[in-house]
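Chemist: Handing you a structure now.
The values are calculated or read from the model by the stated rules, or taken from the named source; none is laboratory data. Note that the structure is predicted; figures quoted are calculated from it, not measured. Ideal geometry is used to build each Cβ from the backbone, glycine not excepted, and the neighbour counts take in all protein chains shown.
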């Protein structure tokens, strides 16, 4: 069985990074959180503008995502900046305490000035960062890895080179007892029957068809056609002509092992093996959900070249063609274009991805990490109140 | 006569101000020192806007802004996989912000493959100010994009050092006002002073844009009486019937619930805060006022989204009325934080003006002077702490 070196957390989960983060609960505190993070080099800000003026479905989704992000195994310690009597702050703190993860909450109240809040935050983060440096990696089984599967800025090569190679990787990790999580429900539209027929049983297949159908219904209720936004202008410039064509390429990332489970946005898989998470096709929101659901790494194929990353998980970029790898090399880790011009097979690139996943799990930085790409956005469901 | 050479708030103005309510007719000439733009609007700040078209270009956008003196980074979570009205809000918000008079110039940074194309934004944004835009994919990577962006914005940065503020009438001010997180009793302590300020601004041909949030919507019937425009009257009365927002979990129906008596009472007080002038119109998100006077602007209660909405409709300064102050401001427009004085608490370092039981006219004068000073360049408390943010509201889900 393949091994890697990760950080074993008190709750038994395995992290492949050891981040100290500061996270805000509501938009009102976004600027202060950014400011506090900026005072301690090495600390990662996780900033959003939600958490308030939201309907329950958005509130619950935001809360689940924030708890999953702060409590992620790649996080060594988290500072939460909240309001007085802040339920989100309380829930994050309770979840992290239960996990045995160092957490501190600073809430705005009548007795604290901005300077005092900033000073208190800086002091706690500095100590947490020092403590994190004392934590060491230990040998872990690949069965502990959850890898998210994503694509963005797709082109006509995506479904021919990078996505099938990711599928080959998915088969490899699943055969070794690990977990791969495919996402982007929008980009299954038109190809959903193929994935559903690959489900482990009738219930999982039906569940998958239900989330795709719900998505389709939601789109129709807006009075719009999904095909006016997807394929995007960039997808079309890259040679994709229809959403169905894009979807047929997209689902190839799932490989050939049975679909074992369908989970909600930011939800942790309860099964090992190949899983599907219900996320939008919007890359950053999708990666955010995969990470909050426990994925320690995300694989991201790109035909046009996308720089985006995540504040808490390494994102490995796989270029679909030699040209994009050449001109956007600072943002791309693996060249699946070698299938086109170097006579490599899908299996070869799948193995290259597998080896890269292990290297990155051991600490090697991805292009997105080197470029400090730490985009974060939570999928919104309803209008702000 | 008061003679303060450091202030635009001159003696003749002060005298006329003290005359409020005494039926003494005095010619007023309130002025502030601002940046006059080619289209006739006035900036209270002279920022260079570095604007991302999509979240994917936000890191490069931040990178450019951090390397250029005077640059402000406008980043957000939107820009791709959006449809219909939700996408239109993103586009109009970014176009509106670029056109804000507080920007000297704008640089748009995209990824390249996103729904919200830079070329589309460039086609819609007014060209009376310097503007350029390009994408990361077009430039073959973030490093090249940042280098070109820093070179362009760096030139603008040199140009803004040559720009001088000039004395302008306060009719050039478009003042946003939002009331948030405050109960009726505390609001009542503020209303006489703020409503008098708004009346003064409107008498002097300024434009005032009030956020129409969930807390003010129940006052729609009262506000409809003040509205001249028939469409606004009808819509305000509809809005007052209950909270109405778009969501998808409840099948086809929009979310709708009636307002409580307490909500209606608070809304009536919030409406009184807007003074005695008539309403010129009701604006949709990102819709600019069609002229001078008092307008209502549909907004969410999310403070960052609402302040960004002010920036997109052309406000060059704003007032935030709350019980205890807020911890965030706009990075486009200066926002003056106003709160009721509470002797049981020590003053907070992020509130600009406390309103208490002191002489009303002196407090009105102090508030107007603060508005003029801030419009003339004085930093607000939240600006001094560099707590500016930007966000675009969602009125639909992403796909």
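The rows are residues; the columns are (1) surrounded by fewer than 21 Cβ atoms within 10 Å (Cβ to Cβ); (2) over 28 Å from residue B:54 (Cβ atoms); (3) away from chain B (no Cβ under 14 Å).
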site: A:100; (1), (2), (3): yes, yes, yes
site: A:144; (1), (2), (3): no, yes, yes
site: A:151; (1), (2), (3): no, no, no
site: A:176; (1), (2), (3): yes, yes, yes
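Chemist: Which condition breaks for residue A:89 when tested against (1) crowded, with 19+ Cβ neighbours inside 10 Å; (2) in contact with a helix residue (DSSP H, G or I) (Cβ under 9 Å, 6 or more places away or on another chain); (3) assigned to a helix (DSSP H, G or I); (4) modelled with pLDDT of 95 or more?
Modeler: It fails just one condition, (2).
Chemist: Something else about it: Looking only at residues in the stretch A:337-347 that are touching a residue at least 12 places away in the same chain (Cβ under 8 Å) and over 19 Å from residue A:326 (Cα atoms), which one is surrounded by the most Cβ atoms within 10 Å (Cβ to Cβ)?
Modeler: A:346
Chemist: Now for a separate question. Residues in the stretch A:35-52 that are without any contact (Cβ under 8 Å) to a residue 60 or more places away in the chain and more than 8 Å from chain B (Cβ to nearest Cβ): how many? Reasoning before the result, please.
Modeler: As a first pass, look at the stretch A:35-52 and keep what is without any contact (Cβ under 8 Å) to a residue 60 or more places away in the chain: A:38, A:41, A:49, A:51-52.
After this cut, where a residue has to be more than 8 Å from chain B (Cβ to nearest Cβ) as well, the list is A:38, A:41, A:51.
The total comes to 3.
Chemist: Among the residues of the stretch A:1-14, is any more than 9 Å from chain B (Cβ to nearest Cβ), touching a residue at least 60 places away in the same chain (Cβ under 8 Å) and part of a helix (DSSP H, G or I)? Give the derivation first.
Modeler: Initially, the stretch A:1-14 is screened for residues more than 9 Å from chain B (Cβ to nearest Cβ), giving A:1-14.
From the residues that got through so far, the ones that are touching a residue at least 60 places away in the same chain (Cβ under 8 Å) too are A:1-11, A:13-14.
The next check asks that each one be part of a helix (DSSP H, G or I); those that pass are none.
Scanning the stretch A:1-14 turns up no residue that is more than 9 Å from chain B (Cβ to nearest Cβ), touching a residue at least 60 places away in the same chain (Cβ under 8 Å) and part of a helix (DSSP H, G or I).
Chemist: Which of the strands (runs of 3 or more DSSP E) contained wholly in the stretch B:57-149 include at least 3 residues that are within 14 Å of chain A (Cβ to nearest Cβ)?
Modeler: Numbers: elements: B:71-74, B:103-110, B:131-135.
Correct list: B:71-74.
Chemist: OK, next. For the stretch B:195-212, give me each residue that is touching a helix residue (DSSP H, G or I) at 6+ places or on another chain (Cβ under 7 Å) and assigned to a helix (DSSP H, G or I).
Modeler: From the stretch B:195-212, those touching a helix residue (DSSP H, G or I) at 6+ places or on another chain (Cβ under 7 Å) are B:195-197, B:200-201, B:204-206, B:208-209, B:211; that's our starting set.
Hits for the stretch B:195-212 are B:195, B:196, B:197, B:200, B:201.
Chemist: How many residues are more than 10 Å from every other protein chain (Cβ to nearest Cβ) and within 15 Å of residue A:113 (Cα to Cα) if we restrict to the stretch B:374-383?
Modeler: Number satisfying all stated conditions: 0.
Chemist: Right, something else. Within the stretch A:349-359, how many residues are farther than 14 Å from residue A:176 by Cβ and crowded, with 16+ Cβ neighbours inside 10 Å? Talk me through it step by step, then tell me what you get.
Modeler: So the first thing to find is which residues in the stretch A:349-359 are farther than 14 Å from residue A:176 by Cβ, and the list is A:349, A:352, A:356, A:359.
Imposing the further condition that a residue be crowded, with 16+ Cβ neighbours inside 10 Å reduces the set to A:349, A:352, A:356.
Here the count works out to 3.
Chemist: Residue A:64 - would you say it is closer than 24 Å to residue B:77 by Cβ and in a helix (DSSP H, G or I)?
Modeler: Considered against the rule, which asks whether it is closer than 24 Å to residue B:77 by Cβ and in a helix (DSSP H, G or I), residue A:64 comes out as yes.
Chemist: Report yes if residue A:189 is closer than 18 Å to residue A:273 by Cα and under 22 Å from the mean Cα position of the chain (by Cα), otherwise no.
Modeler: For residue A:189, the condition - closer than 18 Å to residue A:273 by Cα and under 22 Å from the mean Cα position of the chain (by Cα) - is not met.
Chemist: Just to be sure I understand, how many residues within the stretch B:1-45 are modelled with pLDDT of 50 or more, crowded, with 22+ Cβ neighbours inside 10 Å and part of a loop (DSSP other than H, G, I, E, B)?
Modeler: Of the residues in the stretch B:1-45, 3 are modelled with pLDDT of 50 or more, crowded, with 22+ Cβ neighbours inside 10 Å and part of a loop (DSSP other than H, G, I, E, B).
Chemist: Which condition number in (1) farther than 21 Å from residue B:121 by Cα; (2) in contact with a strand residue (DSSP E or B) (Cβ under 7 Å, 6 or more places away or on another chain) is the one that residue B:156 fails?
Modeler: Of the numbered conditions (1) farther than 21 Å from residue B:121 by Cα; (2) in contact with a strand residue (DSSP E or B) (Cβ under 7 Å, 6 or more places away or on another chain), the odd one out for residue B:156 is (1).
For (1) in contact with a strand residue (DSSP E or B) (Cβ under 9 Å, 6 or more places away or on another chain); (2) assigned by TED's automatic domain parsing to the domain that holds residue A:107; (3) crowded, with 24+ Cβ neighbours inside 10 Å; (4) at negative phi, each residue gets a yes or a no:
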site: A:3; (1), (2), (3), (4): yes, no, no, yes
site: A:7; (1), (2), (3), (4): yes, no, no, yes
site: A:50; (1), (2), (3), (4): no, yes, yes, yes
site: A:56; (1), (2), (3), (4): no, yes, no, yes
site: A:80; (1), (2), (3), (4): yes, yes, yes, yes
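Chemist: Within 14 Å of chain A (Cβ to nearest Cβ), crowded, with 21+ Cβ neighbours inside 10 Å and outside any strand (DSSP E or B): does that describe residue B:215?
Modeler: Answer is yes for this residue.
Chemist: Among the strands (runs of 3 or more DSSP E) confined wholly to the stretch B:255-331, which include 3 or more residues that are without any contact (Cβ under 8 Å) to a residue 60 or more places away in the chain, surrounded by fewer than 24 Cβ atoms within 10 Å (Cβ to Cβ) and within 13 Å of chain A (Cβ to nearest Cβ)?
Modeler: Qualifying strands (runs of 3 or more DSSP E): B:255-257.
Chemist: Right, here's the next one. Take the stretch B:332-373 and flag every residue that is within 12 Å of chain A (Cβ to nearest Cβ) and in a loop (DSSP other than H, G, I, E, B).
Modeler: Result: B:342, B:344, B:345, B:346, B:347, B:348, B:349, B:350, B:351.
Chemist: Within the group A:36, A:80, which residue is assigned to a helix (DSSP H, G or I), under 30 Å from residue A:137 (Cβ atoms) and in contact with a helix residue (DSSP H, G or I) (Cβ under 9 Å, 6 or more places away or on another chain)?
Modeler: Criteria check complete, one pass: A:36.
Chemist: Are any residues in the stretch A:206-231 outside any helix (DSSP H, G or I) and surrounded by fewer than 21 Cβ atoms within 10 Å (Cβ to Cβ), and if so, which ones? Let's see the steps before the verdict.
Modeler: Here is the first cut: in the stretch A:206-231, the residues outside any helix (DSSP H, G or I) are A:222-225, A:229-231.
Residues satisfying the conditions are A:222, A:223, A:224, A:225.
Chemist: Among the numbered criteria (1) farther than 30 Å from residue A:69 by Cβ; (2) in contact with a strand residue (DSSP E or B) (Cβ under 9 Å, 6 or more places away or on another chain), which one does residue A:259 miss?
Modeler: Among (1) farther than 30 Å from residue A:69 by Cβ; (2) in contact with a strand residue (DSSP E or B) (Cβ under 9 Å, 6 or more places away or on another chain), the lone unmet condition for residue A:259 is (1).
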